[in-house]
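A.B. asks: First the structure, which I've put down as structure tokens, then a few questions once you've had a look.
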Amino acid sequence: MENNQIQTILLASAEVKQTIARDQQQVETIRKAAETIAHSFRNGGRVYFCGNGGSAADAQHLAAEFSGKFYKDRAVLPSEALHTNSSYLTAVGNDYGYEEVYARLASSFSPHDVLVGLSTSGNSTNIVRAFEVCRARKVTTIGMTGKGGGKMQSLSDIWIEVPSNDTPRIQEAHITIGHIICQLVEEMLF
């Protein structure tokens, strides 16, 4: 890999984030997502995350920022990634189908909870199904997708679109946006 290729990749990643930063509607949507999560925590709710592949790793990372700490040494903010119990995941995937692994858990959420789904395409069937269950249960959903939003766009109470079709660039922006939300929530609550 040549140096100019590395520079091109870094600049492409930065450009996606700069595009979001210049879009006041997206900035407002990110703020609204943070306020919604803070409101959930204030009212005894929990925040759940889900994703597939690299997005599952990002979901787990963000859940840990809330349940552990971000900048501040503070009380636990109850949050978890839905895919971390491999026995559950494989049993439900086997018995009901992989598309139901998140929906089955979502059926236990309360209206004070929030589900954050990360999907570069916005069409991950298991996340779409969970969002459908959340809608029926009046659980707030925050969708983080790539350009267009796929099926998740219309199912998200709050939809954060990364204006890219390039999976690595979308995932890099998702973790940046997630970190911003974590920081804002900590500042709102502590």
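A.B. asks: Kindly list, by first and then second residue, each pair from a residue in region 146-159 that is under 19 Å from LYS32 (Cα atoms) to a residue that is crowded, with 16+ Cβ neighbours inside 10 Å and of a type in the set (Val, Ile, Thr), limited to pairs with Cβ atoms under 6 Å and residues at least 6 apart or on different chains.
C.D. replies: Listed pairs, sorted by first residue: GLY146/THR120; GLY146/VAL162; GLY146/ILE170; MET152/THR145; SER156/THR141; ASP157/THR140; ASP157/THR141; ILE158/ILE142.
A.B. asks: Give me the pairs, please: first residue somewhere in region 123-143 and closer than 14 Å to SER154 by Cα and aromatic (Phe, Trp, Tyr), second residue anywhere and part of a helix (DSSP H, G or I) and at pLDDT 95 or above, beta-carbon distance under 7 Å, and either six or more positions apart or on two chains.
C.D. replies: PHE131/MET152; PHE131/LEU155
A.B. asks: Go over the candidates GLN60, GLN18 one by one and state the one that is closer than 19 Å to THR176 by Cβ, assigned to a helix (DSSP H, G or I) and either of a type in the set (Lys, Arg) or free of Cβ contacts under 8 Å to residues at least 12 places away in the same chain (or both).
C.D. replies: GLN18
A.B. asks: A further question on this structure: Could you please give the count of residues in region 60-96 that are within 22 Å of GLY44 (Cβ to Cβ), surrounded by 15 or more Cβ atoms within 10 Å (Cβ to Cβ) and among the aliphatic types (A, V, I, L, M)?
C.D. replies: Here the count works out to 6.
A.B. asks: Hey, can you tell me all the residues within region 97-110 that are within 11 Å of ARG137 (Cα to Cα), free of Cβ contacts under 8 Å to residues at least 60 places away in the same chain and either exposed (fewer than 15 other Cβ atoms within 10 Å of the Cβ) or among the acidic types (Asp, Glu) (or both)?
C.D. replies: SER107, SER108
Let's see how each residue does on (1) surrounded by fewer than 24 Cβ atoms within 10 Å (Cβ to Cβ); (2) of a type in the set (A, V, I, L, M); (3) out of contact with any Pro (no Cβ under 7 Å at 6 or more places or on another chain):
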residue	(1), (2), (3)
HIS112	yes, no, yes
SER124	no, no, yes
ARG129	yes, no, yes
ARG135	yes, no, yes
LYS138	yes, no, no
GLY150	yes, no, yes
SER154	yes, no, yes
ILE177	yes, yes, yes
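A.B. asks: Separate question: Return the total of residues in region 14-59 being in contact with a strand residue (DSSP E or B) (Cβ under 7 Å, 6 or more places away or on another chain) and among the β-branched types (Val, Ile, Thr).
C.D. replies: 5
A.B. asks: Among (1) within 21 Å of the chain's Cα centre (by Cα); (2) part of a loop (DSSP other than H, G, I, E, B); (3) of a type outside the set (Phe, Trp, Tyr), there is one condition GLU80 misses while meeting the rest; what is its number?
C.D. replies: (2)
A.B. asks: Tell me, please, whether a residue that is of a type in the set (A, V, I, L, M), within 24 Å of LYS32 (Cα to Cα) and in a strand (DSSP E or B) can be found in region 121-141.
C.D. replies: No, region 121-141 contains no residue that is of a type in the set (A, V, I, L, M), within 24 Å of LYS32 (Cα to Cα) and in a strand (DSSP E or B).
A.B. asks: Of the conditions (1) part of a helix (DSSP H, G or I); (2) out of contact with any strand residue (DSSP E or B) (no Cβ under 6 Å at 6 or more places or on another chain); (3) surrounded by fewer than 16 Cβ atoms within 10 Å (Cβ to Cβ); (4) not hydrophobic (A, V, I, L, M, F, W, C), ASN165 satisfies every one except a single condition; which number is it?
C.D. replies: Failed condition: (1).
A.B. asks: Say we look at region 142-162 and pick out the residues that are in a strand (DSSP E or B) and not acidic (Asp, Glu); which of these is farthest from THR29 (Cα to Cα)?
C.D. replies: THR145
The values are calculated or read from the model by the stated rules, or taken from the named source; none is laboratory data. As the structure is a prediction and not an experimental result, all values here were calculated from the model. No Cβ is skipped: glycine too gets one built from the backbone with ideal geometry, and neighbour counts run over all protein chains shown.
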